[in-house]
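The values are calculated or read from the model by the stated rules, or taken from the named source; none is laboratory data. Computed from a prediction, not measured in an experiment: that's the story for all the values here. Glycine also receives a Cβ, built like all others from the backbone with ideal geometry; neighbour counts cover every protein chain displayed. Surface areas here come from the heavy atoms of the whole protein model, side chains and all, with no ligands, DNA or RNA. Shrake-Rupley method; radii C 1.70, N 1.55, O 1.52, S 1.80 Å.
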Amino acid sequence: MLKTLPGIDRPAICAVLPTRNGQVYALDLGANADCTPEHLVQFAIMARPWCARWRARKIPPSACSTSAPRKSRATRCEAAGELLRQCPINFHGNVEGDDIYKGTTDIVVCDGFAGNVALKTSEGLAKMLGDFLKEEFTRTWYTRLLALFAWPVIRRFRRRVDHRRYNGAALLGLRGIVVKSHGSADRLAFATALGRAASEASHGLIERIGEEVARLNALAPGLAPPSPVSISISPPPAERRQPDVRSNHRHRRLPAREVLTNKDLENLVETNDEWIVSRTGIRERHIAADDQFTSDLALEACRNALAAAGRKPEDVDLIVLATSTPDMVFPSSACLLQAKLGVKRGAAFDVQAVCSGFVYALGTAELFIRSGRHRCGLVVGAEVFSRILDWKDRGTCVLFGDGAGAVVLEASDTPGVLSSHLHADGSYASILNVPGQVCGGKVQGDPTLKMDGGAVFKLAYACSRRARARRSPPTAARWPTSTPIFPTRPTYASSPTWRRSWGFPNPSAS
């Protein structure tokens, strides 16, 4: 999935429309039905490099904004005009729909509703004019004779208004080249769209847009688009803070039933404290009580996270809960958590991605909030793995326990989530799974966790290196040197090679 460029909140569809003096570059034409003034400013910034590339002109392109009859849209248009006047942009002014085709400006920005209406109206009008000409010149033998003499003029006119020669609307603002073509496009129209895509790729359009956004940030930092998402994470209570935790920027909830130490495990399986610590770094794990479920552990973590963020349950409009051990088949544990919190609105759903579940939940919630449809989200990771463990298998029972952690995710002007990179490969399902299932009210297969520890470790190590190398250049440039990275405890303790590749000290020295 392509993400937006740094500093861009929403991508926009940009296409070329014919005008009296040539062409106008209009956006957005349908990707965003409702836009803020800041979004319109971003559209103008993104269109400048695209317009300059296709016009091949030295004079900076001028921009204007257009309004629709609705009062709210007109107000947003006026606010966008004020912002554009403050930007280092050659702002022409606000226009009405009938001014677009006069050719007095190079770029027109508007919301997707008004833009899509303008686009469809242009295409329909061009086809109607062509049909009218054909009807008039074929009405009698005399008009047919005139058509022979006027044919060069008619051909040039039809060429100028032929929408096929303007096919290929660019989706600007993404970290990749995307060109949208009409579903009914013929060979000529599709060739035009392919030509635009090839030209954008060869002339570095994405880099040009990134440079334009960076230039605006440098010249007018107060007008720079806000960074979309930040995280508010609560600290754990002091009495629950464990020595191996280096950051207090989150909240976790540990079950109250019991702490299972390595010494306790010596009575259950053939192992010892030295063997476990040397391979995993783990000395103890928490086990939930029989009447404690995933949503119960998540509830306490969420309450503390909300308190630390200064938010109340009624502020929450999104809950994404990562778990592989839900309370029941359905409803989701997120919905049960929503009810226990007293939240009455927004979305609530589970994400099942095992060890990477919380990362998946965080990346999913980030996109929801970045879209602008949600404002305050709870991202939760909660598990009661003790209920699916084989306590005679020392390769798994020493690694897992029960607990929950939660963060509050909100839109903010301060950078928080710079980027997320999610990957999966189902061909490795055999090295970590729970092969049992319910059928006819009975458990079929083995309902306990199975893992090939060596294979999982090698795969995790290789994936972590690839993930580090795949960070996109804009994100890597913004990645602070002090950014905290939280590996799993077994990975951190048992792999000197992994620690060296990421610049971590030895556990004994930390």
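Overview of values
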read-out	value
Residue check for ASP296: over 24 Å from LYS450 (Cα atoms) and either in contact (Cβ under 8 Å) with a residue 24 or more places away in the chain or buried (at least 19 other Cβ atoms within 10 Å of the Cβ) (or both)	yes
Residue match in region 401-413 (condition: under 23 Å from THR294 (Cβ atoms) and without any contact (Cβ under 8 Å) to a residue 60 or more places away in the chain)	no
Odd one out for GLY176, checked against (1) assigned to a loop (DSSP other than H, G, I, E, B); (2) within 30 Å of ASP99 (Cβ to Cβ)	(2)
Flag if GLN352 is modelled with pLDDT of 95 or more and surrounded by fewer than 15 Cβ atoms within 10 Å (Cβ to Cβ)	yes
Residues located in region 256-311, provided they are among the β-branched types (Val, Ile, Thr) and out of contact with any strand residue (DSSP E or B) (no Cβ under 8 Å at 6 or more places or on another chain)	VAL269, THR271, ILE276, VAL277, THR280, ILE282
So SER278, is it part of a helix (DSSP H, G or I) and modelled with pLDDT under 95	yes
Only one of PHE149, PHE157 that is assigned to a helix (DSSP H, G or I) and surrounded by 12 or more Cβ atoms within 10 Å (Cβ to Cβ)	PHE157
Among (1) among the aliphatic types (A, V, I, L, M); (2) under 24 Å from ASN304 (Cα atoms); (3) surrounded by fewer than 14 Cβ atoms within 10 Å (Cβ to Cβ) - the single one ALA404 does not satisfy	(3)
Flag for SER482 being surrounded by 14 or more Cβ atoms within 10 Å (Cβ to Cβ), of a type outside the set (Val, Ile, Thr), at pLDDT below 90 and part of a loop (DSSP other than H, G, I, E, B)	no
Out of ALA193, ALA126, ALA189, ALA114, sole residue that is closer than 18 Å to PRO18 by Cα, in a helix (DSSP H, G or I), touching an Asp or Glu at 6+ places or on another chain (Cβ under 8 Å) and not charged (D, E, K, R)	ALA126
Residue match in region 236-254 (condition: over 30 Å from ARG10 (Cβ atoms), at pLDDT 60 or above and in a helix (DSSP H, G or I))	no
Residues of region 329-339 classified as at pLDDT 95 or above, of a type in the set (A, V, I, L, M) and open to solvent by 30 Å² or more (accessible area, probe 1.4 Å), total	2
Residue that is farthest from the chain's Cα centre (by Cα), among those in region 417-434 that are hydrophobic (A, V, I, L, M, F, W, C) and under 17 Å from VAL359 (Cβ atoms)	LEU432
Sole residue being at pLDDT 85 or above, surrounded by 13 or more Cβ atoms within 10 Å (Cβ to Cβ), of a type in the set (Val, Ile, Thr) and closer than 30 Å to LYS3 by Cβ, chosen from ILE107, ILE206	ILE107
Pairs with Cβ under 7 Å, 6+ apart, first in region 206-223 and over 19 Å from VAL178 (Cβ atoms), second at pLDDT below 65 and surrounded by 15 or more Cβ atoms within 10 Å (Cβ to Cβ)	LEU216/LEU223; LEU216/ALA224; ASN217/ALA224
Qualifying residues in region 5-54 (those that are in a strand (DSSP E or B), modelled with pLDDT under 85 and open to solvent by 20 Å² or more (accessible area, probe 1.4 Å)) - the one nearest to ALA126 (Cα to Cα)	PRO18
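Yes/no per residue for (1) open to solvent by 60 Å² or more (accessible area, probe 1.4 Å); (2) at pLDDT 90 or above; (3) of a type in the set (Lys, Arg); (4) not in a loop (DSSP other than H, G, I, E, B):
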| site | (1), (2), (3), (4) |
| --- | --- |
| THR414 | yes, no, no, no |
| LEU418 | no, no, no, no |
| LEU422 | yes, no, no, no |
| SER427 | yes, yes, no, yes |
| PRO435 | yes, yes, no, no |
